[in-house]
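None of the figures in this text is laboratory data; all of them are computed from the coordinates on show. Worth saying up front: this structure is predicted, and the values here are computed from it rather than measured. Cβ placement follows ideal geometry from the backbone for every residue including glycine, while neighbour counts extend to all protein chains displayed.
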Amino acid sequence: MGFDNQSIGNYRANESRYDTIPYRRCGISGLLLPAISVGLWHNFGHADNFTNAREILRTAFDHGITHFDLANNYGPPYGAAEENFGRILEMDFKPYRDELIISSKAGWDMWPGPYGNYGSKKYLIASLDQSLKRMGLDYVDIFYHHRPDPETPLEETMGALHQMVQQGKALYVGVSQYPAALTREAAEILGKMGTKLCIHQPRYSMMDRWVEEGLLDELGRQGTGAIAFSPLEQGILTNKYLQGIPEKSRAIKDGRYLQKDNITLELVEKVRQLDAIAKQRGQSMAQMAIAWLLKDDRITSVLVGVSSPKQMLDNVQTVNNLKFSENELKEIEKILGS
Ligand SMILES: NC(=O)c1ccc[n+]([C@@H]2O[C@H](COP(=O)([O-])OP(=O)(O)OC[C@H]3O[C@@H](n4cnc5c(N)ncnc54)[C@H](OP(=O)(O)O)[C@@H]3O)[C@@H](O)[C@H]2O)c1
């Protein structure tokens, strides 16, 4: 990434930034999140275009997207997204820190040796300190344990989250990728210590609906919010792949997580049928995929990734049509179940 801070001029946030996106309460907490949030997993590494990254975040915030989601190992290389975000924060968003919800996570591999992975107190506490340094922050708004650790006692992992809150290094805490029963246990352990499990970050999209099998009910019972990640199936649930696989796409540029062989003709045909319904609704495919998740009020926010400001704008406009008719829902179910 080149750090040309002159090329797009100084930033002053759009004065009407709070006129577009609705805010939804995160479970029974005091935290309101924008219905659409933006994640920095891809497109914010050192090999990516810094000005583009900066423009994505400006576009998001100008439309009221107050929540930026990071993790210790977003990059590449690991840590790069937090470093680049720290620079953007310094250049553009410093006056707006109190208008932002910035999250980070630890739980996947981050540094070599036995203390840079999973869920020990040793790992989580050190990782948050590193994240704060990379981003130039005193605290994050949300800190997540990024995935379950089958070996560390849950009491230790939750104890680490509780300690972060006690120390003021995280305002709220959450878990990601935890199944329903483990989420309940985690919430109980945290609750006994006096810390609320504020939010869960599960994978959820039209094509990955595991959360409907118990997790959302559990979160509803607990009053824990939910923010859905990879809501567009990394780009499959957009019009991006309808005419083949473009060069400028995650499937070609970065095959680590989205392999082009997984974008089958059958899958594309399903998206084509869904896209026809989106068109009737006056929406893009991406907009309909986001709106479809927001129809459940247990979903606090939909966490999208974007590779350009244009995609950000497209996704923001989802909020112009969040309602589905019974008939549309039935048609969508038919396509998804076929
Ligand atoms: N907790 C976890 O374990 C976990 C795991 C994964 C992700 N996450 C979080 O969730 C965030 C989102 O995940 P994701 O990036 O996989 O989400 P996604 O929203 O499912 O996919 C993002 C990709 O979809 C394409 N796209 C987005 N908007 C579009 C539009 N309007 N039109 C056409 N294409 C569009 C872009 O692909 P191209 O790049 O091809 O243009 C973009 O990079 C991450 O940044 C991260 O914060 C969390």
Fill in: Cα-based Rg / Dmax (Å) for segment 268-338
12.1, 34
Worksheet entry | chymotrypsin sites (Phe, Trp or Tyr not before Pro) lying in DSSP loop within segment 160-252, provided at most 15 other Cβ fall within 10 Å | none
Worksheet entry | CD proxy at 222 nm, helix term only [per DSSP H run n ≥ 4: -39500 (n - 2.57); per residue of the chain; nearest 500] | -11000 deg cm²/dmol
Discussion item. Could you give me D for segment 209-338, from Stokes-Einstein at 10 °C and 1.306 mPa s, where the hydrodynamic radius is the Kirkwood radius over C-alpha pairs? Units µm² s⁻¹, please.
Written reply: 102 µm²/s
Response to the item:
In debye to the nearest 20, the charge dipole size for the chain, taken about the Cα centre with +1 at each Lys and Arg Cβ and -1 at each Asp and Glu Cβ, equals 300 debye
Item to complete: Residues in segment 321-338, backbone N under 17 Å from the label point at GLU213 (7 Å along the Cα-to-beta-carbon vector): list them, ranges by number please.
Response: 337-338
Worksheet item: On full extension of the chain, what length is gained from ALA47 through TYR139, given 0.36 nm per residue of separation minus the C-alpha to C-alpha distance?
Response: 30.4 nm
Discussion item. Taking the square root of 5 times each eigenvalue of the Cα gyration tensor, what semi-axes in Å does the equivalent ellipsoid of segment 114-154 have, largest first?
Written reply: 21, 11, 7
Worksheet, complete the sentence: Each label sits 7 Å from Cα toward the beta-carbon; between GLN280 and ARG25 the label points are separated, in nm, by 3.6 nm
Fill in: Cα pair distances of segment 11-81 binned at 5 Å [whole percent]
4, 16, 21, 20, 17, 14, 7, 1
Practice prompt. Taking the dipole about the Cα centre of segment 150-221, with the C-beta of Lys and Arg at +1 and of Asp and Glu at -1, give me whichever of MET207, THR195, GLN167 is farthest to the positive side.
Written response: GLN167
Response to the item:
Projected area averaged over all directions for the convex hull of the alpha carbon atoms of segment 1-132, nm², comes out at 8.8 nm²
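Got a sec? How would LYS330, LYS240 order by Cβ neighbour count within 10 Å, fewest to most?
Ranking LYS330, LYS240 by Cβ neighbours within 10 Å, fewest first, gives LYS330, LYS240.
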Response to the item:
Stretched fully, the stretch from ILE8 through GLU266 gains (0.36 nm per residue minus C-alpha distance, one decimal, in nm) 88.7 nm
Worksheet item: What GluC sites (Glu not before Pro) does segment 180-265 have in DSSP loop regions with at most 13 other beta carbons within 10 Å?
Response: GLU247
Worksheet entry | Spread of Cα-to-Cα distances over 20 Å intervals beginning at zero, given as percent, for the chain | 31, 60, 8
Response to the item:
Fewest to most Cβ atoms within 10 Å: VAL211, VAL175 sort as VAL211, VAL175
